[in-house]
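The values are calculated or read from the model by the stated rules, or taken from the named source; none is laboratory data. Please read these numbers as outputs of a predicted model, since none were measured by experiment. Positions of Cβ are generated from backbone atoms using ideal geometry, with glycine treated the same way; all protein chains shown enter the neighbour counts. Heavy atoms of the whole protein, side chains included, go into the accessibility calculation; ligands, DNA and RNA do not. Shrake-Rupley method; radii C 1.70, N 1.55, O 1.52, S 1.80 Å.
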Amino acid sequence: MSRPRDLELAYTRDMMAALLLSADWPCMPKRILQIGLGAASLTRFIYATLPEARQTVVELEPVVVGAAQQCFKLPPVGERLQIEIAEGAEWVAASSEEYDLILIDGFDAEGETGNLESLSFYQHCRARLAEGGLLVCNFLSRSPHFLKSCIALDAAFHGHSRLLPQTPGGNVIALGALAPTTPLDATMLRERIAVLAASSGLDLTPLLERLIEQEDGLPFVI
């Protein structure tokens, strides 16, 4: 609690690897949609480190928002942060806004996501991405729906998707893009990781090491 902007869990740090992939690096996303609030780790990090970003967070359960406000230092709702109480898939399907970054982390207490891992949901997310935008999803490798979810995401993004190496906790971060991103080799990634660490305190070196260990992990491209 003394470091509310820090991302303590490996999978949340991996989700922010999308910040390395901007074609006009170091340009950062200005319009961000987050499905699933949880303890607001991603929300706090973005609020603290991307002051020009405008966040919209969609959360199904009001009690989760209340807990984040009372216990986890959720930033105040205002111009930079909007909270919507709604079912994520339905909200995205009805939306007409465009986003530079969409983050999906919407598990319930039983590890289920409802419609947040369906083909139609990913298609609606793709339609909501601005040019150069990215979709980032948190998957659980132990979930019985894992393979089906990966296939649905890849189909919705016409093959422009990839999985990051599994975290020690069993999370697999999946990314989707409208078009192929710029290939980044180990040297380019180290340079971008160093810049990001200096500006935000986020160190993605462990992810780079896992990418290097993975046979087809580099170049880093979607």
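Some observations on this one:
- Those residues of the stretch 81-95 which are β-branched (Val, Ile, Thr) and buried (at least 16 other Cβ atoms within 10 Å of the Cβ), in sequence order: Ile83, Val92
- Scan of the stretch 10-45 for residues that are open to solvent by 50 Å² or more (accessible area, probe 1.4 Å) and among the hydrophobic types (A, V, I, L, M, F, W, C), ordered by number: Ala23, Trp25, Cys27
- Within the stretch 65-80, tally of residues that are surrounded by fewer than 20 Cβ atoms within 10 Å (Cβ to Cβ) and among the aliphatic types (A, V, I, L, M): 3
- Glu98 of a type in the set (Asp, Glu), within 18 Å of Asn138 (Cα to Cα) and modelled with pLDDT of 95 or more: no
- If you filter the stretch 162-194 down to residues that are over 12 Å from Val221 (Cα atoms) and in a loop (DSSP other than H, G, I, E, B), you find that the one that is most open to solvent (accessible area, probe 1.4 Å) is Pro168.
- So Gly176, is it closer than 19 Å to Gln34 by Cα and in contact with a His (Cβ under 8 Å, 6 or more places away or on another chain): yes
- Check on Gly201, out of contact with any helix residue (DSSP H, G or I) (no Cβ under 7 Å at 6 or more places or on another chain), open to solvent by less than 10 Å² (accessible area, probe 1.4 Å) and either closer than 23 Å to Arg44 by Cβ or hydrophobic (A, V, I, L, M, F, W, C) (or both): no
- Test: residue in the stretch 137-146 that is crowded, with 17+ Cβ neighbours inside 10 Å, part of a helix (DSSP H, G or I) and among the small types (Gly, Ala, Ser): no
- One residue alone among Val92, Val77, Val58 is in contact with a Phe, Trp or Tyr (Cβ under 6 Å, 6 or more places away or on another chain) and not aromatic (Phe, Trp, Tyr), and that residue is Val58.
- Failed criterion for Glu215 (all others in (1) open to solvent by 70 Å² or more (accessible area, probe 1.4 Å); (2) part of a helix (DSSP H, G or I) hold): (2)
- Verdict on Ala48 being over 23 Å from Gly201 (Cβ atoms), open to solvent by 20 Å² or more (accessible area, probe 1.4 Å) and of a type in the set (A, V, I, L, M): no
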